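Written below as structure tokens is the structure these notes are about.
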Amino acid sequence: MNLSARARWAVGVAAVIGLAFIYIPLSVVVINSFNASQVFSWPPTEFTTMWWQKALENTGVREALWTSVQAGLGATLIALLLGTALSFALVRYDFFGRSTLNFLVVLPISLPGIVTGIALNSSFTTVLQPLGINLGLFTVVLGHATFCIVVVFNNVSARLRRTGTSLEEASADLGASLWQTFWFVTFPAVRSALVAGALLAFALSFDEIVVTTFTAGPGVETLPQWIFNNLFRPNQGPIVNAVAALLLLIFIAPVWLAQRLSGSETHAGGRV
Amino acid sequence: MATKQMLKLAALAASSVLVIAGCSSNTADPTDTSGVPNVPMATEVGDGEGELNIVVWAGYAEDGSTDPAVDWVSAFEDSTGCQVNVKIGNTSDEMVTLMKSGQYDGVSASGDATLRLIYGGDVAPVNTDLVPNYATVADFLKDRDWNSVGGQMYGVPHGWGANVLMYNTAEVSPAPTSWSAVFEADSPYAGKITAYDSPIYIADAALYLKSAQPDLGITDPYALDETQFQAAVDLLKQQKEMIGSYWAAYTDEVASFGQASNVIGTAWQINANLINGEGKVAVEGVVPSEGATGWSDTWMIAANAAHPNCMYKWMDWIVSPEVNAQVAEWFGEAPAQTKSCDFTVDKTFCDTYHALDADYAAQISYWTTPLAECLDGRGAICKDYAAWTQAWTEIKG
Amino acid sequence: MSLGTTTAPESANAGSGVGRGLSRFLVKHEKFRLSLLLASPVAWLGVLYLGSLANMIMASFWSLAPFTGDVVKSFSLSNFQTLITAEVYRNVAMRSVGIAIAVTLIDLLLALPIAFFAAKVVRSSRIRYAIVIAATMPLWAGYLVKGYAWRIMLDNNGVLDWALAPLGIKGPGLGLPATVLALSYLWLPYMILPIYAGLERISVSLTDASSDLGASAWFTIRTVVLPLLAPAIIAGSIFTFSLSLGDYIMVKIVGGKTQMFANIVYDNIGVAGNLPFAAAAATFPILVVVGYLWAVRKTGALENL
């Protein structure tokens, strides 16, 4: 499409304003993490790395971080298995109820978190508690996996639709068993979609607070819960800031990676 | 096709099981307030179970994370081996809900939660013989309406205090002496007023109306008939227009006062202490001429506590003279333990807070659950807590 | 393995062994294969998720014993009656829907230039990647942290007030505008991503043909690009609308004394322990979101999520 130079310039400016809008609040957080004033007086007059040190030493943060990682890995694993299976079923097969299932799988992520949280909480307390399974890390994983399935599902489905069945049929024609076809033909084709879906699922689980509030037991505290409990506490607030800035920096690489992996086919440009 | 159909039927059947499971669990008769559920009482305290999960008011179980010098949990953990997991409840409602989940061993309940927990079968009677420090707790806190039934104690008193009127000394002058500063429509601080975000705050409005509109005939701010209730609700709806923000978590109030987005409103003394400690603004808390609502807190043990020994040890620990003094000074309340007055850092602390003054204590309108059967004995013409809750949602709009 | 509805040729699965045997069996019995694939996901979504939702909706027909707070499991419509008749719930519901719509529109306005710039204007693929990554990075910053950042910025005497001080005006402070602003900020990446992907999918040949036929760039955008972009826009709007409608935390951080519908749900369950009423209130966002999803499922937006 031929845009006049002025139009291109206008779009560019609008885009830059949009990006600035995105990054100004984040810069405030990062700047504040170096703010020597404990009560965030703005503008900062003194700078210090004290909060970063304290954040790295704080046991509450480390435990919460570990809990979040565990929950994220568990949820991602379940989401990978179930999302991939569902994706294959819905894309490669046709059956009664396929569109309903398609609709059903996006519900956990589209319905407000509080609805999912309340529903799961009342199920867990009425069904699992009498069995002796109390709310805890396990129930958190169950809750997170539920809305992570759709993320993997969408990524893998998009990839499956794009790759088509011709290669797999050729493989079967040449005498490969189901497993061989899967391992040598299908899996390499969807592998990067799996990784992208897994990264996104992990990110969703890592940042989730609402469903977690309803499914976590007393001894369980994920990182978002820790942040929520300490955000406004007088002595902990600055540490929260430092933790937030730290998370931003740590996860640059995975985000770039996820984009590379899922972006490679949408970057087709001309291919519809 | 058929397989797929069968699969879906199976899923439907299985989810029906979940639904039926939800249906079929038993509940105690909800309208029976005369009979207290029979919950067994402990007869001895054994070794600690290694863990303790408690629901507390902010500031009641400090472990050094708020202020490194303020810590009475670590010493408890060291001496009993019970690792303490603290869950802060912001309002009594939250605490009742948390206790009903069955996940916690104990709670520091105010008077508007205690009876609900007792009659709901969520807490067990306390064997006070197993709590040595109970003996020297102030007598006027024992065997009261809110912490005992039929002469049986259901908890160990913790401390008591009033909801004070806190104000920013720089922005608010002259110093307020009446709740009218936050209730009357011509308040000069409109837009920067705060109030406690809980239905129980309606009692504060009623308490103000007790003096401001004596024709209403309010005697007990928790016993309000239709007319009195409506007057209180109208006052609060009017106040809402002047509210900057409500606070439920103590951190909300500390943060909003720190930024001066609120400059006056109801508060706990600990909030004032924390704000002054931050150093951004200076505040003061006063009990105005109309009096104040307040709370008398009781440590209660859950009916099916997973760690009952740890909970009994905790109850004894928290009302021991040194610890009760520490808590009381940190929070800014009167300690229940009479011997604590010897251990406070500020030697006039007990006098300032009237800790041993039963008459002064009797003047505070402690948080109590409103019932349809009026608490002041007028009959079944009062609004119950469900009505209060409903009204509070309408007030906030 | 995934051979769809065609039957497998005999040449596949020649050979022996358990793996081969199983493979032969699965290839022949397509429905069994399908059932194996579907068993776990359907069990999870159908039993755990749908069952829980059904359980919750059923609870909305119960009530709470006022004093003890125990649930009374007898059928009654009183919760719904209260929700429909008391004015406050209508007001809060309307306010929440209004906020959700406002957030969606704002995000659309902000996302379109960014996505368009990255997808169609920028020539270098490296810069394109950089922009897309820059737009999606905030997803990792954490919901609460971003809320806190906005609180710091919009609070009384906060960053915004400091920036506007030379002009002599004060910012809006915490409240309804702040809520809309913060929510728009939060969900912006969810709007940018599908639109960007959608723009990328629009073939260059289509736009070239349009300009060959004499259309101006603006005309092309209006008549060719935007209609093709519709599913992507709708996909983005699903997120922004539903996430805003169901939010109760952000409004507590930056909303001052504003309350949204999800706060009513939360206050009733997390605070009052009134599951029946909370469940009844929750049916409102459920109906709205499910209704919206159902209406747009034909547009293909659901695949773009």
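The values are calculated or read from the model by the stated rules, or taken from the named source; none is laboratory data. Just so it is clear, the model here is predicted, and its values are computed rather than measured. Note that we place each Cβ from the backbone using ideal geometry, even for glycine, and neighbour counts take in every protein chain shown. Accessible surface areas use protein heavy atoms only, side chains included; no ligands, DNA or RNA. Shrake-Rupley method; radii C 1.70, N 1.55, O 1.52, S 1.80 Å.
Each row is one residue, and each column tells you yes or no for (1) at the interface with another protein chain (Cβ under 8 Å from one of its Cβ atoms); (2) within 25 Å of residue A:74 (Cβ to Cβ).
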{"residue": "A:135", "(1), (2)": "yes, yes"}
{"residue": "A:146", "(1), (2)": "yes, yes"}
{"residue": "A:150", "(1), (2)": "yes, yes"}
{"residue": "A:166", "(1), (2)": "no, no"}
{"residue": "A:169", "(1), (2)": "yes, no"}
{"residue": "A:173", "(1), (2)": "yes, no"}
{"residue": "A:176", "(1), (2)": "yes, no"}
{"residue": "A:179", "(1), (2)": "yes, no"}
{"residue": "A:184", "(1), (2)": "no, no"}
Among (1) within 30 Å of residue B:249 (Cβ to Cβ); (2) open to solvent by less than 40 Å² (accessible area, probe 1.4 Å); (3) at the interface with another protein chain (Cβ under 9 Å from one of its Cβ atoms); (4) not β-branched (Val, Ile, Thr) - the single one residue C:211 does not satisfy: (1)
field: 3 or more residues surrounded by 24 or more Cβ atoms within 10 Å (Cβ to Cβ) and within 14 Å of chain C (Cβ to nearest Cβ): qualifying helices (runs of 4 or more DSSP H) within segment B:55-162
entry: B:92-100, B:111-119
query: What number goes with the only condition from (1) of a type in the set (D, E, K, R); (2) touching a residue at least 24 places away in the same chain (Cβ under 8 Å); (3) not in a helix (DSSP H, G or I) that residue A:162 does not pass?
result: (3)
message: Of all residues being among the aliphatic types (A, V, I, L, M) and open to solvent by less than 20 Å² (accessible area, probe 1.4 Å) in segment B:250-273, which is nearest to residue B:329 (Cα to Cα)? Just the residue, please.
response: B:270
- prompt: How many residues does segment A:110-126 hold that are more than 7 Å from chain C (Cβ to nearest Cβ) and either within 13 Å of residue C:290 (Cα to Cα) or surrounded by 23 or more Cβ atoms within 10 Å (Cβ to Cβ) (or both)?
  reply: 4
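Please go through segment B:301-325 and give me each residue that is among the small types (Gly, Ala, Ser) and either assigned to a helix (DSSP H, G or I) or under 22 Å from the mean Cα position of the chain (by Cα) (or both), ordered by number.
Answer for segment B:301-325, where residues must be among the small types (Gly, Ala, Ser) and either assigned to a helix (DSSP H, G or I) or under 22 Å from the mean Cα position of the chain (by Cα) (or both): B:302, B:303, B:305, B:320, B:325.
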field: Residues (closer than 24 Å to residue A:232 by Cα and either at pLDDT below 90 or part of a loop (DSSP other than H, G, I, E, B) (or both)) located in segment B:275-300
entry: B:277, B:278, B:279, B:280, B:281, B:282
task: Confirm whether residue B:208 is of a type in the set (Ser, Thr, Tyr) and buried (at least 23 other Cβ atoms within 10 Å of the Cβ).
output: yes
message: Can you tell me which condition residue C:60 does not meet? The list is (1) at the interface with chain B (Cβ under 7 Å from one of its Cβ atoms); (2) at pLDDT 85 or above, and all the others hold.
response: (1)
- request: Specify the residue that is farthest from the other protein chains (Cβ to nearest Cβ); the eligible residues are those in segment B:366-397 that are open to solvent by 20 Å² or more (accessible area, probe 1.4 Å), more than 16 Å from residue B:227 (Cα to Cα) and not in a loop (DSSP other than H, G, I, E, B).
  value: B:366
- request: Please work out which one of (1) open to solvent by 10 Å² or more (accessible area, probe 1.4 Å); (2) of a type outside the set (Gly, Ala, Ser); (3) part of a helix (DSSP H, G or I); (4) touching a residue at least 24 places away in the same chain (Cβ under 8 Å) is the condition residue B:202 fails and give its number.
  value: (1)
- request: Please identify the pairs in which a residue from segment C:98-115 that is away from every other protein chain (no Cβ under 14 Å) has its Cβ atom under 6 Å from the Cβ atom of a residue that is surrounded by 19 or more Cβ atoms within 10 Å (Cβ to Cβ), counting only partners at least 6 apart or on another chain.
  value: C:102/C:180
- prompt: Of all residues in segment C:214-261 being of a type in the set (Phe, Trp, Tyr) and closer than 20 Å to residue A:8 by Cβ, which is farthest from the other protein chains (Cβ to nearest Cβ)?
  reply: C:219
message: Just to check your reading of the model, which residue among A:202, A:182, A:228 is open to solvent by 20 Å² or more (accessible area, probe 1.4 Å), among the hydrophobic types (A, V, I, L, M, F, W, C) and in contact with a Gly (Cβ under 6 Å, 6 or more places away or on another chain)?
response: A:202
query: What are the pairs, 6+ residues apart or on separate chains, where a residue within segment C:262-278 that is at the interface with chain B (Cβ under 8 Å from one of its Cβ atoms) and on the phi > 0 side of the Ramachandran plot has its Cβ under 8 Å from a residue that is of a type outside the set (Asp, Glu) and in a helix (DSSP H, G or I)?
result: C:273/B:96; C:273/B:97; C:273/B:100
message: So the check is Cβ under 9 Å with 6+ separation or different chains; which pairs have a first residue in segment B:216-235 that's farther than 18 Å from residue B:364 by Cβ and modelled with pLDDT of 95 or more and a second one that's of a type in the set (Asp, Glu) and assigned to a loop (DSSP other than H, G, I, E, B)?
response: none
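Residue C:230: open to solvent by less than 10 Å² (accessible area, probe 1.4 Å) and touching a residue at least 12 places away in the same chain (Cβ under 8 Å), yes or no?
Spelling it out, it is not the case that residue C:230 is open to solvent by less than 10 Å² (accessible area, probe 1.4 Å) and touching a residue at least 12 places away in the same chain (Cβ under 8 Å).
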- prompt: Is segment B:341-351 home to any residue that is of a type in the set (A, V, I, L, M), open to solvent by 10 Å² or more (accessible area, probe 1.4 Å) and either more than 21 Å from the chain's Cα centre (by Cα) or away from chain A (no Cβ under 14 Å) (or both)?
  reply: yes
